[in-house]
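Shown next, in C-alpha cells, is the structure this report addresses.
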Amino acid sequence: MAVESLKEKTATGLFWSGINNGVQQLLGLAFGILLARLLSPGDYGMVGMLSIFTAMAALLQDSGFTIALINKKKITDNDYNAVFWFSLSMGCLLYVVLFFSAPLIARFFHNEELIPIARVLFLWFLIGSTATVHNAFLIRNLKIKEKAKAEITALLVSSSVGVTLAWMGFAYWSIIIQTVIHGSVGTLMRWRYSTWRPSLTIDFSPLKEMFPFSVKLLITGIFTTINGNLFNILLGRLHTKREVGYFSQGSKWIMMGYSFVWNMVNNVSQPVLASVSEDAQRQSLVFRKMIRFVAFVAFPSILGLGFVSRELIVIAVSDKWLPSVEIMQIYCIWGAIMPICNLYSNLIISRGKSEIYMYSTIALGLLQLLVVFLTLQYGLQMMLLAYVSLNVAWLFVWHHLVARLLPISLWVMLTHDLLPFLGVTLIALGGAYLATQSIENIYLLFVGKIGITAAIYLFIMRITKAVVLREGLDFLSKRMRGNKKGKGL
C-alpha cells in the first residue's frame, strides 16, 4: 500500500510538474519570441553580464537550507523560522554590498550603463529571499500543483509587462523590470499557497543541525554557478555585449528545454528519493525508473531542439540571431545529459552524502575552468565543445559514486535505461532528416522535422512496448477519467 501510495504521489507530482513546465515553456516561448524581435543582441548582453551576480547572491541567501529542509527527517516550525530569518538577513546584506559594488562591476565590464541596471536588477534576489522557506515547504509537502500556479502566474504577469515595455522602447530595461516583477509576483504567490508563516522570534540555533549538510551544498553551488555563468563573464570581459547576447539567446532555447525536463522531475525527485532512503533496494528501483523517464523525455525533446535550431531561430526571432544557431546545436548535448547527471546528484544528497556531491562538483568545476581556459584562444565554439564533452564524460563519474552507495550496475543502466532511448531518438532524427531533404519552405521544413521525428519516436516506443510510455498513457487516462467523474458529480 505504501509503495502504491508513493507511486501515485510521484506520478501526480510529475503530472503537475509537467503541466507547470509545459505551460511555462509555452508562455516563455511566446513572450521570448516577442522580446527577441523587439530587442537587440546588445540588450540581452547587458543583462547577461550581470547573471553571475544575481545567481551567486540567490545562492548565498539560500545557503543550501532549502534542500536541507526538504531532506530533514523530522522538521519543526522553529527550523522553518530560523531559515526564513537567515535567508532574509543574507538577502538584505548582499543587496547592500552589491548596491555599492555596482561601479566596480561596471568598470570590470567597461560599461558604465551597468551601474543603475545592476542596482535595480539585484532587487530580484532581495525580494526572493522572503520566500525561500515557502518554496521549500511546497516542495517538501509535494504541493506541486500550488507551486505550478505560483510560477505560471509570475511568468504571465512579468512577461506581459516586459513585452509592453519593450514595445514602448525601454530596450534592456524591459528585461530588468520583467525580472524584478517575476520575483515579486512569484514571492507573493508562494506566500499565498504555503500555510506556513514566520514568527517574530528570531532563533538561529536550529541552523546548527542543518549547517554541516547545507554548507556542502553551498560550496558546491558556488562552483556550479561560476561555471554556469563562465561564458557570460568571459564574453562580457573580452568581447562585446552583442556576443554575450548571441550566446544568451542560443543557450536560452536549450535552457528552456532543459528546464522543462529537469524542473518537472526535480520538484518530485528530491522528496521522493529522500522518503525511501532507508531502503537501498527500493531506492535503486525508484531511481532507475526516474532515469528512464528523464531519458524518454530529454533525448528527443532537447536533441530535437538542436535539430530544428536554424528553422526555429529564423522563424521565431528572425535571422538577426543566426549566430546563435551553432551555439544551440552544441549546447543541446549538454541540455540532454544534464537532467540525468542532476538525478545522480539528487540521489547522493538523499543518501545524506552531501560531501560526496560537493567534492565531485568541485572537481568537475575546476576541470571545466581548465578546459575552457585551454581552449579560449580557439573561439567560443571550441570552448563549448570542450565544456560539453567534459560534462558528458562526468556522467560516468556520477555513476561510479552512486554505485558505491547503491546496487546499480553501469551496464544495466546504460543498456536498459539510457541507450535504448538515445538510439531511438537518433533513428527518429535521422529519419526526419532524410525525409525532409527536399523541402525548401522553412515553415514546412520546421513542422516536418518535428512531426516526422515525433511520429517515428512514438511509433518505435509503441511497437517495442516501452513501459514508460504505457505507464504515462495509463496515468493520463486515469486523470482524464477522474476529471470527467468529478465534473459529472
message: It is to be established whether one or more residues within segment 88-99 are within 23 Å of SER251 (Cβ to Cβ), in contact (Cβ under 8 Å) with a residue 12 or more places away in the chain and crowded, with 18+ Cβ neighbours inside 10 Å.
response: no
query: Among the residues of segment 361-416, which ones are under 20 Å from ALA280 (Cα atoms), aromatic (Phe, Trp, Tyr) and in contact with a helix residue (DSSP H, G or I) (Cβ under 7 Å, 6 or more places away or on another chain)?
result: TRP398
message: Can you pull out every residue in segment 340-365 that is buried (at least 20 other Cβ atoms within 10 Å of the Cβ) and at positive phi?
response: none
- prompt: Within the bounds of segment 400-408, is there any residue that is surrounded by 14 or more Cβ atoms within 10 Å (Cβ to Cβ), at pLDDT below 95, touching a His at 6+ places or on another chain (Cβ under 9 Å) and farther than 20 Å from GLY304 by Cβ?
  reply: yes
field: Residue under evaluation ASP417, criteria (1) in contact (Cβ under 8 Å) with a residue 12 or more places away in the chain; (2) of a type outside the set (A, V, I, L, M, F, W, C); (3) farther than 17 Å from ASN342 by Cβ, criterion not met
entry: (3)
message: If I filter segment 289-305 down to residues being more than 17 Å from the chain's Cα centre (by Cα) and under 16 Å from GLY423 (Cα atoms), which single residue comes out as surrounded by the fewest Cβ atoms within 10 Å (Cβ to Cβ)?
response: ARG292
query: When only residues in segment 65-107 that are polar (S, T, N, Q) and over 24 Å from the mean Cα position of the chain (by Cα) count, which is nearest to ILE127 (Cα to Cα)?
result: SER89
query: Out of segment 324-356, which residues are under 22 Å from MET290 (Cα atoms) and over 18 Å from the mean Cα position of the chain (by Cα)?
result: ILE348, SER350, ARG351, GLY352, LYS353, SER354, ILE356
message: I'm checking my understanding of the structure. Among residues of segment 55-64 that are more than 17 Å from the chain's Cα centre (by Cα) and over 13 Å from PHE84 (Cα atoms), which one is surrounded by the most Cβ atoms within 10 Å (Cβ to Cβ)?
response: ALA57
statement: How many residues of segment 431-441 are loosely packed, with under 13 Cβ neighbours inside 10 Å and either on the phi > 0 side of the Ramachandran plot or part of a helix (DSSP H, G or I) (or both)? The answer is 1
- prompt: Among the residues of segment 289-311, which ones are among the β-branched types (Val, Ile, Thr), in a helix (DSSP H, G or I) and either more than 22 Å from TYR387 (Cα to Cα) or out of contact with any Gly (no Cβ under 7 Å at 6 or more places or on another chain) (or both)?
  reply: ILE291, VAL294, VAL297
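Do we find that VAL397 is among the hydrophobic types (A, V, I, L, M, F, W, C), modelled with pLDDT of 90 or more, touching a Phe, Trp or Tyr at 6+ places or on another chain (Cβ under 6 Å) and assigned to a helix (DSSP H, G or I) in this structure?
When the stated conditions are applied, VAL397 does not pass them.
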- prompt: How many of the residues making up segment 370-428 are among the aromatic types (Phe, Trp, Tyr) and within 24 Å of the chain's Cα centre (by Cα)?
  reply: 5
message: Taking the conditions exactly as written (of a type in the set (A, V, I, L, M, F, W, C) and without any contact (Cβ under 8 Å) to a residue 40 or more places away in the chain), does TRP394 satisfy them or not?
response: no
- prompt: Do the conditions hold for VAL314, that is, is it surrounded by fewer than 20 Cβ atoms within 10 Å (Cβ to Cβ), among the hydrophobic types (A, V, I, L, M, F, W, C) and either in a helix (DSSP H, G or I) or more than 16 Å from the chain's Cα centre (by Cα) (or both)?
  reply: yes
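The values are calculated or read from the model by the stated rules, or taken from the named source; none is laboratory data. Every value quoted in this text rests on a predicted model; they were computed, and no experiment measured them. Neighbour counts run over all protein chains shown; Cβ positions are idealised from the backbone, glycine included.
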